[in-house]
1. For a quick check: with amide H placed at 1.01 Å from N, whose amide H comes under 5 Å from LEU313's, ignoring anything fewer than 5 positions away on the same chain?
2. What dipole magnitude, in Debye to the nearest 20, does region 457-504 give about its Cα centre under +1 on Lys/Arg Cβ and -1 on Asp/Glu Cβ?
3. Can you run the Rg to Rh ratio on region 430-582? Use alpha carbon positions and the Kirkwood inverse-distance Rh.
4. Report the relative contact order of the chain, percent, no decimals, based on alpha-carbon pairs under 8 angstrom and at least 6 residues apart.
5. Could you tell me the calculated FRET efficiency between ASP480 and LYS429, based on Cβ-Cβ distance and R0 = 56 angstrom, to the nearest 0.05?
6. What does a probe at ASP571 reach in region 522-563, counting residues whose amide N is under 16 Å from the point 7 Å along Cα→Cβ?
7. Given axes a ≥ b ≥ c from the Cα gyration tensor, I'd like to know whether region 151-305 is rounded (a/c under 1.5), prolate (a/b larger than b/c) or oblate.
8. When the C-alpha atoms of region 1-142 are aligned to their principal axes, what extent does each axis show, in angstrom, from largest down?
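Only the coordinates and a few stated rules stand behind these numbers; no lab work does. Quick caveat, the model's predicted, so the values are computed rather than measured. FYI the Cβ positions are ideal-geometry reconstructions off the backbone, even for glycines, and counts take in every protein chain you see.
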Amino acid sequence: MDRMKDDYKDILAFQFDKKNQIAFTTVQSCVYTDHRKPESLDGVWGFTPDVFRSVTRKNLFSASGKDEQGREVPMDLDFSSMEKIQVPGCWNCLDDRYWLYEGEAVYSRTFVYSKEKEGERIILRVGAANYECRIWLNGTLLSRHQGGFTPFYTELTQDLKEINHIVITVNNRREPDQVPSMNYDWFNYGGITRSVELFRLPAVYIKDFTASLVPDGTYGRIELKIKLDAPVQGACCHFKIEELGISREVLTDERGEARCVVQANPQLWDCEHPKLYEVQARCLEDQVKDRVGFREIRCDGKDILLNGRKIYLKGVCCHEESRNRGRIQTDEERLEILNTAKDMGCNILRLTHYPHSERMAVLADQAGMMLWEEIPVYWALDFENPETYSNAENQMRELMFRDKNRASVVIWSVGNENPDIQSRLDFMKGLLETCRNYDPTRLTSAACLVDVNTMCVKDRLAEFVDVVAFNEYYGWYYRDYEGVKVILDNTSIDKPMVITETGAGAKAGHHGGAEELFTEEHQERVYENQIRYTDGRIQGMFPWVLFDFISPIRKHPMQGGKNSKGLVAMDKATRKKAFYVMQEYYRNK
Ligand code: GCB
């Protein structure tokens, strides 16, 4: 009878998930883990889509499968015989049945833990899981994170046993209050899309570590900082950059932070000489290191200066998408992107429209490619909702925490093509302020909208960014090529202006007249005209887009489910005619 009652309760339990609404894990939980040795939990995990969320509904992660008398009872899931999936991976690519699946999925695996040192702390890092993710260890819910593209950290120490069962639920259902929201021009891949790793840290560890050139125009001062995870005062922190002969000891303050500014004469990082230095910090039982480039990026009137020299941003936009594994790329594929962009003559990549893997920034540091990084504050969001704002700000801060030591990252962008309404302006101003407060060593921007009635860049946000960026598709959505010239004639802003998107759709191998839509010839003409009307008038350009990519909103037969504005086809090899137009322009610029 009691069991019946319980089941009945269960059926009526619309609020079944209430107890699991623990506070979201945020940037506060981030731990500096670059160059630390991980114990990887990547590989084969058990997996099942959970359309009705029954694993959560029935608390199956903690169910023992036994009744009070120790008798076996039927269970709706056997964790040991689930379907298998590779982590990192996108479930959409696992099986055709899951291609369009949007909802909750359950991942499960076991791992062995054996303590190495008394007092050690075990931190779990999930590189990215799209979109909302929860972590249960041995039946206890430990964390909950939202935002599909940034890493988050969960301390496991208290709940570890020798044999551990970890269950991760990931839900990629689009919701109006999320960032991004319901509608966007890329594919909504679901899953644990970046590595899952354990880090074994000492009782008090270095939580944060920053090394950067002081942006004061002298190119001769380096700031070094650490923060311990506890407010331990008076601990000696030893900073070292051997190649520059720098060795400095500083005591931590009452917040557990140590900071110093040292005189140095580093060879500066730029695209031709992407020089990196090994920087180390040691404090108490812990030590960290990184390979860091020192450079200064700033604006002077309409100019953008890298190490004091005026530069033109020879850019291109790029989504994070592999040929057939969704969001999952290997380093080889990332190098292929960097090499294709270099071959086109680019000095900067715009990583749209969400944080790409941190590996991209590491490789760009080495390759000498500047990066524009952004968060998915894309098109319409619930700008009036304070929770949506906190979510966006947290995504921005998690990204900045992750990539702050990457010299290649020169611009933080807080959004793309959002309507110029008051709530959006307040929202974006908040994000820009966050970027400036946290990081004075980079520029800020956002892709603004053009006012097509008055034909000028008239976005109130322009006043608050360092670099005014705008997207325009003259020759494509607006068939008149000269529109971009009129916009530049009508816009007078005493800040650098860059075009963050322009382009036209073209099916690779489809040829015809230069006025025929979707032909390579038409795309070529659009770019010829863009160059003609913008050359010498802007400080940078980012064609949309380097590669064709999958997009559910592109249903025309010439598109076939893809956004076909790539200068290169989805195979990442077939270059369209317009690629060579941009190549010639950039190489001679
Ligand atoms: C835009 C968006 C970009 C789209 C592109 C297009 O303005 O920023 O995400 O994919 O236009 O192809 O229409």
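1. Excluding prolines and chain starts, which carry no amide H, the hits are GLY540, MET541.
2. Dipole of region 457-504, to the nearest 20 debye: 80 debye.
3. Result for region 430-582 is an Rg/Rh of 1.01.
4. Computed over the chain, the figure is 11 percent.
5. FRET efficiency, ASP480 to LYS429: 0.95.
6. From region 522-563, the list is 547-549.
7. oblate
8. 57, 44, 30
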